[in-house]
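First up is the structure itself, then whatever we jot down about it.
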Amino acid sequence: GKSTLVSLLPRLYDTTSGIVEVLGRDVRSWQLEELRHVIGLVPQAAALVSGTIRSNLTWRDADASDDALWAALDTAQAGEFVRKLPEGLDAPVEAGGKNFSGGQRQRLTIARALVGKTRILILDDSASALDMRTDAALRQAVRARSQSSSTPLTTVIVSQRISSVRDADLICVMRRGRAVGLGTHDELLETCDVYREICRSQGLDAPDAGRDAGRDAR
């Protein structure tokens, strides 16, 4: 249910009841092109097409400057390996990005989502091929970009890694298509059995359910 939930934001699906709002507006009141321009969605399966790195990065903004492309690449932790390529931004991309590793493809698609006036960045399990260190560096860079930009950037992360979401302002725990917990990492450790179970399964310390039973009952 996690991917379906975030797909409601750019209207890949529409709700059958209730309202989904983006930046305070019902998504159905947006022009579809405008809505999808302010939302950068990065799916788990990285989608690259034959061409160059530049042509893949400029889908959202055909007039993006080289500086803007490099800034997006650096935020996505892709700048280092792209700079090592002889052609740089004009390095060739084979169909499906087969000439890049899975982690490199994911970082390039994240960079593409950051090009243009992105207001909401959705990372739908799109760092699954990254090691923990690169994943942490990516999240730190995205946070820094949001804080330094005149245009705030909201990031929505879908992940099964607690380490990827524990610093989020708000975490929604999904189970069988339903939300079973909502809060910060510390709050969920106190109130959500499912979240505690996930933490323990990933080798993270979590309070005993018995110790917090009285608190949960309240």
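The values are calculated or read from the model by the stated rules, or taken from the named source; none is laboratory data. As the structure is a computational prediction, the values presented were derived from the model and not from experiment. Glycine also receives a Cβ, built like all others from the backbone with ideal geometry; neighbour counts cover every protein chain displayed. Keep in mind that these areas ignore ligands, DNA and RNA; they rest on the heavy atoms of the full protein, side chains included. Shrake-Rupley method; radii C 1.70, N 1.55, O 1.52, S 1.80 Å.
For the range 48-99, which positions are buried (at least 19 other Cβ atoms within 10 Å of the Cβ) and either without any contact (Cβ under 8 Å) to a residue 24 or more places away in the chain or of a type in the set (A, V, I, L, M) (or both)?
Passing the criteria: L48, I53, L57, L69, A72, L73, A76, A78, V82, V93.
In this structure, is R175 closer than 20 Å to V38 by Cβ, open to solvent by 60 Å² or more (accessible area, probe 1.4 Å) and at pLDDT 90 or above? It would help to see each step written out before you state the result.
Numbers: closer than 20 Å to V38 by Cβ: no; open to solvent by 60 Å² or more (accessible area, probe 1.4 Å): yes; at pLDDT 90 or above: yes.
It is false that R175 is closer than 20 Å to V38 by Cβ, open to solvent by 60 Å² or more (accessible area, probe 1.4 Å) and at pLDDT 90 or above.
Do we find a residue being farther than 30 Å from V49 by Cα, open to solvent by less than 50 Å² (accessible area, probe 1.4 Å) and touching a Pro at 6+ places or on another chain (Cβ under 8 Å) anywhere in the range 131-148?
Initial filter on the range 131-148 (farther than 30 Å from V49 by Cα): 147-148.
When the remaining residues are screened for being open to solvent by less than 50 Å² (accessible area, probe 1.4 Å), the result is none.
Checking the range 131-148: not a single residue is farther than 30 Å from V49 by Cα, open to solvent by less than 50 Å² (accessible area, probe 1.4 Å) and touching a Pro at 6+ places or on another chain (Cβ under 8 Å).
Is it the case that some residue within the range 11-31 is open to solvent by 60 Å² or more (accessible area, probe 1.4 Å) and in a helix (DSSP H, G or I)?
yes
Quick check: is even one residue across the range 32-40 part of a loop (DSSP other than H, G, I, E, B), under 30 Å from L89 (Cβ atoms) and touching a residue at least 60 places away in the same chain (Cβ under 8 Å)? Steps first, please.
The first filter runs over the range 32-40 and keeps only residues part of a loop (DSSP other than H, G, I, E, B), leaving none.
Checked against the condition, which is being part of a loop (DSSP other than H, G, I, E, B), under 30 Å from L89 (Cβ atoms) and touching a residue at least 60 places away in the same chain (Cβ under 8 Å), the range 32-40 yields no hits at all.
Would you confirm whether or not the range 162-169 contains a residue that is in contact with a Lys or Arg (Cβ under 8 Å, 6 or more places away or on another chain), open to solvent by 70 Å² or more (accessible area, probe 1.4 Å) and in a strand (DSSP E or B)? I'd like the intermediate steps shown before the answer.
Step one: of the range 162-169, the residues in contact with a Lys or Arg (Cβ under 8 Å, 6 or more places away or on another chain) are 164, 167.
This time we only want the ones that are open to solvent by 70 Å² or more (accessible area, probe 1.4 Å), so: 167.
Checking which are in a strand (DSSP E or B) leaves us with none.
Checked the range 162-169: no residue is in contact with a Lys or Arg (Cβ under 8 Å, 6 or more places away or on another chain), open to solvent by 70 Å² or more (accessible area, probe 1.4 Å) and in a strand (DSSP E or B).
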